[in-house]
Amino acid sequence: MGQIQLERDGGVAVFTVDSPEVKNGLTPEMGLQLSELCDEVDADPAIGAAVVRGAGGTFCSGADRRRWTPGSDQAEDKTYKELGAVYTAFRRVGTLQVPTIAAVRGAAVGAGINLALSTDLRIVAEDARLLAGFLRIGLHPGGGYFTISSRTAGREATAAMGLFSEEIDGVRAAEIGLAWKAVPDDQVEDLALELAGRAAKDPELAREAARSFRTESGPPGIGWEAALHFERATQMWSQRRRETA
């Protein structure tokens, strides 16, 4: 059902979302594994940066919908906790002690764009597809999407993608500030690793700088933790509505 791979490239931790049969869709188990691996990285003082990428040339297609049960009660304890495992993983990536970069190739959709937005910086392929995609399938956004997108791309782009289902490519993502740089597909991961390597030369300093950056830069609205719960009930409603329509 997929897994998260963790490798080390010098002082850089490389997380790989690996579930190619569903274009790296995330399961609750993968969410739990990602959180555990983040703990492992934080516990290693020799690691000074992290890169998040997807296997097989695509970043993440969202949640693995093979695990969705039509008509299920979204407030039922097991279902509620399983979705929470995925959302908590986004937050855990966002609170890694080291600076983080998403290397986005192929597509980042739904939960995948949340994962990309969880990092400090994004390097994207020029032809990458980025979309929130929630409303397209009858769902309210989740994972704190509106908060983490607004702090990165601003209100206008967040509205276009989150409310009106706009899809953008990597070039446009860089133009609107959703990504730092758009490059040819075969250069994405190399550039992400190069940038991460700069920070990783001094892991202790990198961790202190990352802490200061996040504390000082926001987000300015409600906190991400609050946003997770704020969106949750409405997403549960939209899921039930979608499955019984």
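Consider GLU21 carefully, then state whether it is over 18 Å from THR95 (Cβ atoms), over 17 Å from the mean Cα position of the chain (by Cα) and modelled with pLDDT of 95 or more. Full working, then the answer.
Values: over 18 Å from THR95 (Cβ atoms): yes; over 17 Å from the mean Cα position of the chain (by Cα): yes; modelled with pLDDT of 95 or more: no.
No; evaluated as a whole, the condition is false for this residue.
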Which members of segment 171-182 meet the condition of being touching an Asp or Glu at 6+ places or on another chain (Cβ under 6 Å) and either crowded, with 19+ Cβ neighbours inside 10 Å or within 24 Å of ALA226 (Cα to Cα) (or both)?
ALA182
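Take segment 11-24 and flag every residue that is surrounded by 14 or more Cβ atoms within 10 Å (Cβ to Cβ) and not in a strand (DSSP E or B).
Within segment 11-24, GLY11, SER19, PRO20, VAL22, LYS23, ASN24 meet the criteria.
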Being closer than 30 Å to HIS140 by Cβ, in a helix (DSSP H, G or I) and modelled with pLDDT of 95 or more is true for just one of ALA227, ALA233, ALA174, ALA179. Which residue is that?
ALA174
I'd like the full set of residues that are farther than 26 Å from ALA43 by Cα and open to solvent by 50 Å² or more (accessible area, probe 1.4 Å), limited to segment 186-225.
ASP186, GLN187, PRO220, GLY221, ILE222
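Of all residues in segment 42-54, which are surrounded by fewer than 20 Cβ atoms within 10 Å (Cβ to Cβ), touching a residue at least 40 places away in the same chain (Cβ under 8 Å) and among the hydrophobic types (A, V, I, L, M, F, W, C)?
Of all residues in segment 42-54, those surrounded by fewer than 20 Cβ atoms within 10 Å (Cβ to Cβ) come to 42-46.
From the residues that got through so far, the ones that are touching a residue at least 40 places away in the same chain (Cβ under 8 Å) too are 42, 45-46.
Within segment 42-54, ALA46 is the sole residue that qualifies.
Say whether the condition of being without any contact (Cβ under 8 Å) to a residue 60 or more places away in the chain and not hydroxyl-bearing (Ser, Thr, Tyr) is met by at least one residue in segment 142-153. If you could, list the steps in order and put the result at the bottom.
First, the residues of segment 142-153 that are without any contact (Cβ under 8 Å) to a residue 60 or more places away in the chain: 149, 152-153.
Now narrow it down to the ones that are not hydroxyl-bearing (Ser, Thr, Tyr): 153.
Yes: segment 142-153 contains one or more residues that are without any contact (Cβ under 8 Å) to a residue 60 or more places away in the chain and not hydroxyl-bearing (Ser, Thr, Tyr).
The values are calculated or read from the model by the stated rules, or taken from the named source; none is laboratory data. The model shown is predicted, which means the values in this text are computed figures rather than measured ones. Because the Cβ atoms are built from the backbone with ideal geometry, glycine has one as well, and the counts that use them run over all protein chains shown. When the accessible area is computed, the model is the full protein with side chains, heavy atoms only, and any ligands, DNA or RNA have been set aside. Shrake-Rupley method; radii C 1.70, N 1.55, O 1.52, S 1.80 Å.
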